[in-house]
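Okay, structure first, notes after.
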Amino acid sequence: MTAPTWHVPDNVAAGVTERWPEIGPRWISAAPAELAKLCAKYEAEPSHVFPARYALVVAAETRTGGQLVFRSSPDPTAAHHAAVSQALAHEGLGPAVHQVITADIGTWTVADRVVPGDPLPALTLTPDVLAAIVSLFHGLANGPAPPGLPTLGAWLRDRLEDDNLTDVAPFRPPITPTERKKALALLDDLIETGDVCLCHGDMSGANILLGPQGRLLLIDPRGVAGEAAYDAAVLATKASNYGIPAGIIPRLIKESGIDESRAEAWGNVAIAARV
C-alpha cells in the first residue's frame with residue numbers, strides 16, 4: 001500500500017522551528033517520507049492529522065481495519081514520552097504501543113488508536129466512568145516508573161523558578177514572590193517524603209479517552225517519573241473546567257487509596273506552577 005504524502009502542519013512547523021532551530025527544519029523535511037515508510041510497513045492509510053503543538057500525529061487505518069496513530073516529534077524528550085506511553089500500555093492504562101523509533105532528529109511511536117476515543121469532558125459521569133477513573137488512579141499509583149526519566153519535581157521546579165514562563169494554563173496571573181516561595185517549600189517536602197512511581201504528568205481531560213469495553217485510557221504523557229497523587233491533583237484542579245461537580249474527584253482520590261493530603265499539596269504546587 002502506497003501512502004500519500006502528508007506534510008507537517010504549518011503551525012507545528014513554525015513551533016518546532018522556533019523551539020529547536022537546529023533540528024526542526026530537518027525533522028520537517030524528513031517526517032513525510034518517514035511516515036510513508038511506516039504506513040507501508042503497517043499497510044495503513046492515513047485519514048487525518050490530529051491537532052498538536054510540536055508533533056506530527058496522524059490517524060491511519062490498516063488493510064485489515066485496525067486503527068493506528070503515528071506520532072513523531074523532534075522534541076529531545078520525545079523518547080521519554082514514548083517510554084511512559086509504553087509503561088502505561090504495559091499496565092493497561094494506555095493504548096498498545098507497537099513500535100518506538102528514536103533517531104537524532106526525532107522519535108516516532110506507533111500505537112493503537114483509542115476507539116471510540118471520546119474525551120473525559122464529553123462523557124456522562126456514570127458510576128462506570130467514575131469507577132474507571134478510580135482504576136486509572138490506582139493503576140498509576142501501583143505502576144513502576146520507567147528507568148532513566150527526568151523527575152516531575154525537577155520539571156515543576158524549573159517552572160516555578162522561571163521568570164519568563166510562557167507555557168501557562170489559560171487565565172492564570174503571573175506567580176507572585178510569596179506564592180513561589182511557598183510552592184517551592186511545599187515541593188521540597190513532597191519530593192523528600194514521596195516515592196517515585198508511574199506518572200502521566202499531564203492528566204487533563206483531553207488526555208483521558210474512552211476505550212473499548214468502557215475503559216478509560218491515557219494518551220500523551222509528559223515523560224517524567226513522579227507520583228500518581230500529582231496526576232490525581234491535576235485532574236482535580238481542572239475538574240470545574242470540564243463541568244465535573246466539586247468534590248467528585250477528591251472522593252475518587254480517596255477511593256483509589258491515594259493519600260488525600262499529598263494530592264492536595266501537589267495541587268497547590270501545580271496551581272502555583274501555572275500547569
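Residues in segment 131-151 that are under 14 Å from Gly201 (Cα atoms) and either among the aromatic types (Phe, Trp, Tyr) or touching a helix residue (DSSP H, G or I) at 6+ places or on another chain (Cβ under 6 Å) (or both): Phe137, Leu140, Ala141, Pro146, Leu149.
In segment 196-241, of all residues being assigned to a loop (DSSP other than H, G, I, E, B) and either in contact with a Cys (Cβ under 9 Å, 6 or more places away or on another chain) or not assigned by TED's automatic domain parsing to the domain that holds His138 (or both), the one that is surrounded by the fewest Cβ atoms within 10 Å (Cβ to Cβ) corresponds to Arg222.
Residues of segment 81-131 being within 15 Å of the chain's Cα centre (by Cα) and in a helix (DSSP H, G or I), which ones? If the condition is that a residue be within 15 Å of the chain's Cα centre (by Cα) and in a helix (DSSP H, G or I), then His81, Ala82, Ala83, Val84, Ser85, Gln86, Ala87, Leu88, Ala89, Leu120 are the ones that fit. Each residue in segment 17-51 was checked for being assigned to a strand (DSSP E or B) and without any contact (Cβ under 8 Å) to a residue 24 or more places away in the chain, and 2 of them qualify.
Screening Asn241 with (1) in contact with a Ser or Thr (Cβ under 8 Å, 6 or more places away or on another chain); (2) under 30 Å from Asp75 (Cα atoms) gives one miss only, at (1). The set of residues in segment 256-266 being in a helix (DSSP H, G or I) and within 19 Å of Leu198 (Cβ to Cβ) consists of Ser256, Arg262, Ala263, Trp266.
The values are calculated or read from the model by the stated rules, or taken from the named source; none is laboratory data. Everything quoted here is computed from the prediction, not taken from an experiment. We place every Cβ from the backbone using ideal geometry, glycine too, and count neighbours over all the protein chains shown.
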